[in-house]
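The values are calculated or read from the model by the stated rules, or taken from the named source; none is laboratory data. None of these values were measured; they are calculated from a predicted model. Every residue, glycine among them, receives a Cβ derived from its backbone with ideal geometry; neighbour counts consider all protein chains shown.
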Amino acid sequence: MSVVPAEDGLRAYARYVNPTLGRFLEMTGRGQRFVRARGCVLEAAEGGLWDDWIAGFGSLNLGHNPPELKAVVAEHLATDAPNLLVECLNPFAGALAARLVSAAGPGFETCFFCNSGSEAVEAALKTALLATGRSGALYFAGGYHGTTLGALGCMARGTYREGLEAVLPGFVELPFADLDALEQELRTRAFAALVFEPVQVEAGVRVVPDAVLRGARELCRRYGTLLVLDEVQTGMGRTGELFAFQHAGAPPDLLVLAKSLGGGVVPIGATVMAEGLWQRAYGGYLRCEVHNSTFGGNALACQVAAAALHRIADPAFLEGVRRRAAELFGALERELRGSRLVERISWRGLLGGIALRETGHPWLRWEDLGLPELAGRPTSGPLLADRLFRKGILAQVCGHDWSVLRVEPPLVVDTAGCDRFVAAVCEGVRWLEAQA
């Protein structure tokens, strides 16, 4: 089979996959043709190099094409082991589940495997509804839990939900990290689950305080509601612990994982469940397969995920993440201190956000940039991301709050890469200040 030339494939993407995105990237000069990726660096067809500070929105914690995971893929495929063990016992899924249950800590018992974060959220919600016999769920405003219909019921209100409200679940939105509002709703004993992220990345990198996480766990247990923590982005070492809930010492009833569980090589999601939940929701021979996924837990994905988990769970690796994070954000806070455009810098581990004020320049509006459809949205964050792109750094804003530049490199980023990022951010902020 011949390989499709990159140029032909890119044109086909813009025509057959996402025409609007294709036009936007070309119009803004970001239709780059990346042909190779290693570690934290992307190489373009024309030869230029870009530091990756998006990291697949948290999917590339080990960087692009980590050699140890590529070796696992090659070794596994060479065995000719069955990849899909449908209606058979699956030893690969069993071994990975055992490791995840152990890594999550006391009180966990089973894992459900699927292919993405959205699917893992759906599995958690469905399990909570069936296990409790209740019909509702609660979530914090600003959340991002996936774009499938069930997960959208917990999505922040706005663009992602528009036109779909009529068919979304009747879940209840709570003010962010508000324990009083949470208890008021929990007292009704009507809700199966509370769903939130330990760090709301897309809402501007808002960190749920440890005390709030512990309080939410205690309230949920008091009123019989299951706590679901969406750690699709915060899990797998991103915050300096293997799972973000470990900072607070407050394990959930259902832990949702995906993205870097597959090491950036294979798609896999997991819902790790507390003791007894699987039996309560799916116990009995007629119910044990009422929730399933054909490709979930396939042999190749489980082998790669086990290797990714082994590396990231290494205490020395996690200590390195914490050390690098302190250096990086310490430098950003020093260099940007006093900037009239920087409103705040928030972070936990190698996950952060730089919140920017608007410049106020009348020309720096979406209408004047040829994109009237985006009128009313912040421009400062996207403009800074564009300046970084011109400096060879691939970065992006937060999905719900475009005033915040996300800071999310692969966890294997080195000191030189961090230094380049800090220098480019400072240059970009100074340029924006000059336009104010």
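Observations on the structure shown:
- Hey, G163 out of contact with any strand residue (DSSP E or B) (no Cβ under 9 Å at 6 or more places or on another chain) and on the phi > 0 side of the Ramachandran plot or not: yes
- Within segment 43-80, the set of residues being modelled with pLDDT of 95 or more and among the small types (G, A, S) comprises A55, G56, G58, S59, G63, A71, A74, A78.
- Selection from segment 311-333 of residues that are within 22 Å of C114 (Cβ to Cβ) and either part of a helix (DSSP H, G or I) or among the β-branched types (V, I, T) (or both): I312
- Long-range neighbours under 6 Å by Cβ, at least six apart or interchain, first residue over 24 Å from R161 (Cα atoms) and at pLDDT 95 or above within segment 127-144, second in a helix (DSSP H, G or I) and of a type in the set (A, V, I, L, M): L130/A281; A131/L277; A131/A281
- Single residue of G142, G136 found to be in contact with a strand residue (DSSP E or B) (Cβ under 7 Å, 6 or more places away or on another chain) and crowded, with 24+ Cβ neighbours inside 10 Å: G142
- Checked against the criterion of being in contact with a Pro (Cβ under 9 Å, 6 or more places away or on another chain), in a helix (DSSP H, G or I) and either at pLDDT 95 or above or of a type outside the set (G, A, S) (or both), the candidates A308, A281 yield just one match: A308.
- In segment 85-106, the residues that are outside any helix (DSSP H, G or I) and surrounded by fewer than 13 Cβ atoms within 10 Å (Cβ to Cβ): V86, E87, C88, L89, P106
- Every test in (1) farther than 23 Å from F113 by Cβ; (2) part of a helix (DSSP H, G or I); (3) over 23 Å from the mean Cα position of the chain (by Cα) is passed by R340 save one, and that test is (2).
- Of the residues making up segment 13-42, just one is surrounded by 12 or more Cβ atoms within 10 Å (Cβ to Cβ), more than 29 Å from R420 (Cβ to Cβ) and at pLDDT 85 or above, namely N18.
- Qualifying residues in segment 218-263 (those that are closer than 24 Å to V73 by Cβ and charged (D, E, K, R)) - the one surrounded by the most Cβ atoms within 10 Å (Cβ to Cβ): R238
- Filter result for the condition that a residue is among the aliphatic types (A, V, I, L, M) and under 21 Å from A313 (Cβ atoms), over A81, A97: A97
- Selected residue (criterion: nearest to the chain's Cα centre (by Cα)) from residues of segment 73-84 that are part of a helix (DSSP H, G or I) and surrounded by 12 or more Cβ atoms within 10 Å (Cβ to Cβ): V73
- Scan of segment 284-299 for residues that are closer than 20 Å to P91 by Cα and surrounded by 10 or more Cβ atoms within 10 Å (Cβ to Cβ), ordered by number: C288, H291, N292, S293, T294, F295, G296, G297, N298, A299
- Close pairs (6 angstrom Cβ cut-off, 6 or more residues apart or separate chains): in the same structural domain as N298 (by TED's automatic domain parsing) in segment 76-87, of a type outside the set (A, V, I, L, M, F, W, C) and at pLDDT 95 or above anywhere: H76/Q303; N83/N298; L84/N298
- Hits in segment 43-59 (condition: surrounded by 20 or more Cβ atoms within 10 Å (Cβ to Cβ), more than 21 Å from S116 (Cβ to Cβ) and out of contact with any Gly (no Cβ under 7 Å at 6 or more places or on another chain)): W53
- All positions within segment 70-99 that are among the polar types (S, T, N, Q) and within 25 Å of L255 (Cα to Cα): N90
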